[in-house]
Amino acid sequence: MKTIFRIAQTELRLFFYSPIAWLILIIFAFQAGMAFCDTFSYQLQNKALGRGQIPFQTVILLLGDSGSFFKVLNNLYLYIPLLTMALMSREYSSGSIKLLYSSPVSSIQIIFGKFLSMMIYSLILVGILFLFVGFTAWNVPSFDMSLALSGLLGIYLVICSYAAIGLFMSCLTSYQVVAAVATLGALAFLNYVGRIGQEVPFIRDITYWLSISGRSDELINGLISSEDVFYFLIVIGLFLMLSIMVILSGKRKLSKSMAFTRYTGVIVLAMLLGYVTSRPGLQCSYDASSIKLNSLNPVSQEIMEKMEGGLTITTYVNLLEGNFYRGAPSERNSDANRFKKFIRFKPKIQMNYVYYYADAGNEVLEDRFPDLNTQQRAWKMAVMEDLDIEMFLSPEQVAQQVDLSGEKYRFVRLLERESGEKTFLRIFDDSYIYPREGEISTAMKRLVTKAPKVVFLTGHGERDIQRAGDRDYYTFAIDPTFRHSLINQGFDVDSITLMGDRPIPMDIDVLVVADLQRPLSTDELARLEEYIAKGGNIVIGGEPGKSDLMNPLTASLGVSFLPGTLVQPTKAYDDNLLVCSFVEEGVNVVTPLRGLWQQKYGVTMPGAAALSYKNGHGFNVYPLLKTKDEGSWNELTTVNFTDEKAVLNPEIGEQEQSYPTMLALTRNVGDREQRIFVLGDVDCISNAELLMSRVGMKTSNFSLITGMFRWLSYGEFPIVLSNIPPVDTVLELSKDTVPYAKFAFTWGLPILFALGYFGVWFKRRRR
């Protein structure tokens, strides 16, 4: 061990006698300082502009995609080859290698001693970054130190891995420049090898594991995973062992077959260790962040704990659909990583991919290949993507496995438990596209919990969940591409008619009656009243001018739709466009909507009927939404609000006051609380209104929907992930301190290193 330390000490002296080591420290300190100063300057600029403080200051300033650590990481490959190029090349070119061969120093001691010198030098580089950590900790209360230290560990392991590779390349040649270029080439290969052979399963797994690109991302973001740590240790061990073997081959000649066998054996052993340590069942991890940013949410963990046995996630990828590339063979590993948190928690998750072709209504392909049928288009696409057409199932073959017609043959995953429960998990037409933890956990929960069933009444001109028209309910009910639709938030959705004499099934969790256009028959009304009497949850919504149709249904509740139309005149919009505010009394009962009330959000209602209610019908009634106290009244004469202005007329009974537009009703039926909503407007949850954006209105109509159905399902769906709020939310750095900090980090450190070099140079000249 003493010999190893002496060799390391000698190498460090040679490092710091050389201008290269000092120059790298100067450049590294300058670039790192610039990156860090740019980051905190941007945060201070946001603060000065009144944009508020961004949470997770530890992540924003140091970690994350735009943090200073990642900026530093991107430049490391430039520094290390310059340091390692002379480690052994110098020994070859000077002839001192012969002295080493004849000395009692072993090859292991030589390599380990030189590598130890690089480890110590790497600590100096990491020490520079630690100064940034200390500065941030001083200026950010509740700084997450363990998260920052995890990031430093990730960078240190990357530097050591680069150093081991550089040391090996230096063992192969006496030319230092060649060694540096070879190291750069090796690093480039390891960064891009993950893209090689991704179409072949066996090769895909090997090359993906070999890739060093992004290996440190999780470490820098605070997740210390055994897979990543072992990867770096295996890479370091592999190249150190190869370096030792090169030195040994110089001492005694081996046959080519023997040398090939030894080198191959070492590489295969490293691959085997890498394969074993990357198996989900053999992995362990530690989330270094104080609020567990990299772990499954406690709600998600609770869901996964209920899931006994194995789970298979099968991704169906259509060659003729626009999202094919998201699950293409070359992207399989990246795609599967989206479930990494869940796999870490439950290793018995199996990921499968099924490739097929079917007509998905892809207009691009229809325009490009108008004269080709589905099979011919598939063949063309396979040729263009350089894929074997034989790997794709025909529409008939995939139909034997699963019916994807309801999914319109889009990119979709089928989650299936060993016990047989199944559900779909989709991608969405929004900016994020992929399901996040909330949507994945929702799909998982459907496998362990009975999904609430929401049924919409039809047959009387009600709003239709199958149509995408402005008035209808397709978007929030069954749109598979909409992240927040009921079917993507855990509900089963269906329609029902009252034809025949069968009662309404009581397995329905929520019945929706939205905007009757024709009156209910006596029998139909009786069946609805029977459903309510038995304790069924229901949503009843009407429109202005429909009181004669709606009141027979709500009479048993003690609720009435008043004649007329509520108005709230403004200069910019039609008089009947309301912005209704939440009522504290109501949100204290319907707690999923309380957050909207606290944040002073409202709900837009383009034409609403006022509601009146009486107690004494067995229900507790709570107003949930209301119009303004001033400037609002129930208009009884005006009908055309586009061309006419409403005028308050007290003589005919119009009064300026607040009116309820939404009520929540509860009562106990047996051991269960019955829950009912009555809305004076059903346009507020229509397709058109959910997609509408109006200037100057702080409203959130869709949050109204999610809150409603969460209350009606007794909190089961949509699930709400309970996140721990961040504590490092404030950057306490005065404006006067900024210039000094910028100078210290950008110029001060480089100047100190430059003075250090000149001090060593002057000392050597005096000798």
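The values are calculated or read from the model by the stated rules, or taken from the named source; none is laboratory data. Fair warning: this is a prediction, and the values are worked out from it, not measured in the lab. Here Cβ is always computed from backbone atoms with ideal geometry, including for glycine, and neighbour counts include all displayed protein chains.
Select the helices (runs of 4 or more DSSP H) contained entirely in segment 322-391, then report the ones holding at least 2 residues which are at pLDDT 90 or above, more than 20 Å from K408 (Cα to Cα) and polar (S, T, N, Q).
Of the helices (runs of 4 or more DSSP H) lying wholly inside segment 322-391, none has at least 2 residues that are at pLDDT 90 or above, more than 20 Å from K408 (Cα to Cα) and polar (S, T, N, Q).
Show the residue pairs meeting these rules: Cβ distance below 9 Å; 6+ apart or different chains; first residue within segment 514-528 and closer than 26 Å to F476 by Cα; second residue aromatic (F, W, Y) and in a loop (DSSP other than H, G, I, E, B).
Between residues of segment 514-528 that are closer than 26 Å to F476 by Cα and residues that are aromatic (F, W, Y) and in a loop (DSSP other than H, G, I, E, B), the close pairs are A514/Y473.
Can you pull out the residues in segment 283-321 that are among the acidic types (D, E) and either modelled with pLDDT under 90 or surrounded by fewer than 21 Cβ atoms within 10 Å (Cβ to Cβ) (or both)?
D287, E302, E305, E308
Tell me whether segment 394-412 contains one or more residues that are surrounded by 18 or more Cβ atoms within 10 Å (Cβ to Cβ), on the phi > 0 side of the Ramachandran plot and under 34 Å from the mean Cα position of the chain (by Cα).
yes
Out of segment 549-572, which residues are out of contact with any strand residue (DSSP E or B) (no Cβ under 9 Å at 6 or more places or on another chain), surrounded by fewer than 18 Cβ atoms within 10 Å (Cβ to Cβ) and more than 24 Å from N615 (Cβ to Cβ)?
Those that are out of contact with any strand residue (DSSP E or B) (no Cβ under 9 Å at 6 or more places or on another chain), surrounded by fewer than 18 Cβ atoms within 10 Å (Cβ to Cβ) and more than 24 Å from N615 (Cβ to Cβ): K571, A572.
When you look at S150, is it surrounded by 20 or more Cβ atoms within 10 Å (Cβ to Cβ), within 39 Å of the chain's Cα centre (by Cα) and of a type in the set (G, A, S), yes or no?
Judged against the criteria, S150 is a match.
Report, ordered by the first and then the second residue, all pairs with beta carbons closer than 6 Å, sequence separation of six or more or different chains, a first member in segment 1-26 that is surrounded by 14 or more Cβ atoms within 10 Å (Cβ to Cβ) and assigned to a helix (DSSP H, G or I), and a second member that is at pLDDT 85 or above and small (G, A, S).
Short answer, once both residue conditions are applied: I4/G113; I7/G113; A8/G113; A8/S117; E11/S117; L12/S117.
Search segment 677-700 for residues being of a type in the set (V, I, T) and crowded, with 23+ Cβ neighbours inside 10 Å, and hand back the single one that is nearest to the chain's Cα centre (by Cα).
Applying the filter and picking the extreme gives I685.
Could you tell me whether any residue of segment 702-716 is in a helix (DSSP H, G or I), of a type in the set (D, E) and more than 17 Å from L578 (Cβ to Cβ)?
From segment 702-716, those in a helix (DSSP H, G or I) are 702-712; that's our starting set.
This time we only want the ones that are of a type in the set (D, E), so: none.
No, because not a single residue in segment 702-716 is in a helix (DSSP H, G or I), of a type in the set (D, E) and more than 17 Å from L578 (Cβ to Cβ).
For segment 61-95, what are the residues that are in a helix (DSSP H, G or I), under 38 Å from the mean Cα position of the chain (by Cα) and either over 15 Å from L184 (Cβ atoms) or not assigned by TED's automatic domain parsing to the domain that holds F143 (or both)?
Selection gives L61, S68, F69, F70, K71, V72, L73.
Considering only segment 496-538, state which residues are part of a helix (DSSP H, G or I) and closer than 22 Å to Q466 by Cβ. If you could, list the steps in order and put the result at the bottom.
Residues of segment 496-538 that are part of a helix (DSSP H, G or I), as a first pass: 522-533.
The answer is E524, L528.
Per-residue answers, yes or no, for (1) basic (K, R); (2) out of contact with any Cys (no Cβ under 9 Å at 6 or more places or on another chain); (3) buried (at least 20 other Cβ atoms within 10 Å of the Cβ):
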residue: S68; (1), (2), (3): no, no, yes
residue: M88; (1), (2), (3): no, no, yes
residue: V105; (1), (2), (3): no, yes, no
residue: F132; (1), (2), (3): no, yes, yes
residue: A137; (1), (2), (3): no, yes, no
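Name, by its number, the condition in (1) within 30 Å of E385 (Cβ to Cβ); (2) buried (at least 20 other Cβ atoms within 10 Å of the Cβ); (3) out of contact with any Asp or Glu (no Cβ under 7 Å at 6 or more places or on another chain) that does not hold for G327.
Failing condition for G327: (3).
From the list A86, A186, which one is out of contact with any Leu (no Cβ under 7 Å at 6 or more places or on another chain) and touching a residue at least 60 places away in the same chain (Cβ under 8 Å)?
Answer to the check: A86.
Among the residues that make up segment 555-563, is at least one of them more than 18 Å from V513 (Cβ to Cβ) and in the same structural domain as P519 (by TED's automatic domain parsing)?
yes
For segment 676-696, name all the residues that are in contact with a Gly (Cβ under 7 Å, 6 or more places away or on another chain) and among the hydrophobic types (A, V, I, L, M, F, W, C).
Taking segment 676-696 and keeping what is in contact with a Gly (Cβ under 7 Å, 6 or more places away or on another chain), we get 679-683, 687.
Selection gives L679, V682.
Using the structure shown, decide if P480 is closer than 24 Å to L415 by Cβ, assigned by TED's automatic domain parsing to the domain that holds F702 and in contact (Cβ under 8 Å) with a residue 40 or more places away in the chain.
yes
With the structure loaded, tell me whether D736 is under 23 Å from S142 (Cα atoms) and either among the hydroxyl-bearing types (S, T, Y) or surrounded by fewer than 19 Cβ atoms within 10 Å (Cβ to Cβ) (or both) or whether it fails that test.
When the stated conditions are applied, D736 passes them.
Quick one: which of R527, R483, R518 is more than 29 Å from E437 (Cβ to Cβ), in contact with a helix residue (DSSP H, G or I) (Cβ under 9 Å, 6 or more places away or on another chain) and not β-branched (V, I, T)?
Result of the check over R527, R483, R518: R518.
Out of the residues in segment 349-390 that are of a type outside the set (F, W, Y) and in contact with a Pro (Cβ under 8 Å, 6 or more places away or on another chain), state the one that is surrounded by the most Cβ atoms within 10 Å (Cβ to Cβ).
Among residues in segment 349-390 that are of a type outside the set (F, W, Y) and in contact with a Pro (Cβ under 8 Å, 6 or more places away or on another chain), the one surrounded by the most Cβ atoms within 10 Å (Cβ to Cβ) is A358.
Table: residues versus (1) under 18 Å from the mean Cα position of the chain (by Cα); (2) among the hydrophobic types (A, V, I, L, M, F, W, C); (3) not assigned by TED's automatic domain parsing to the domain that holds G361.
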{"site": "R279", "(1), (2), (3)": "no, no, yes"}
{"site": "Y286", "(1), (2), (3)": "no, no, yes"}
{"site": "G309", "(1), (2), (3)": "no, no, no"}
{"site": "E321", "(1), (2), (3)": "no, no, no"}
{"site": "N333", "(1), (2), (3)": "yes, no, no"}
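Which condition from (1) in contact (Cβ under 8 Å) with a residue 60 or more places away in the chain; (2) of a type in the set (A, V, I, L, M, F, W, C); (3) surrounded by 15 or more Cβ atoms within 10 Å (Cβ to Cβ) is the one that L498 breaks?
The single condition L498 does not satisfy is (1).
For segment 157-175, indicate whether the set of residues that are surrounded by fewer than 16 Cβ atoms within 10 Å (Cβ to Cβ) and part of a helix (DSSP H, G or I) is non-empty.
For segment 157-175, residues surrounded by fewer than 16 Cβ atoms within 10 Å (Cβ to Cβ) and part of a helix (DSSP H, G or I): absent.
Test S213 against the criterion of being outside any helix (DSSP H, G or I) and either surrounded by 18 or more Cβ atoms within 10 Å (Cβ to Cβ) or at pLDDT below 85 (or both), and give yes or no.
Taking the combined requirement at face value, the residue satisfies it.
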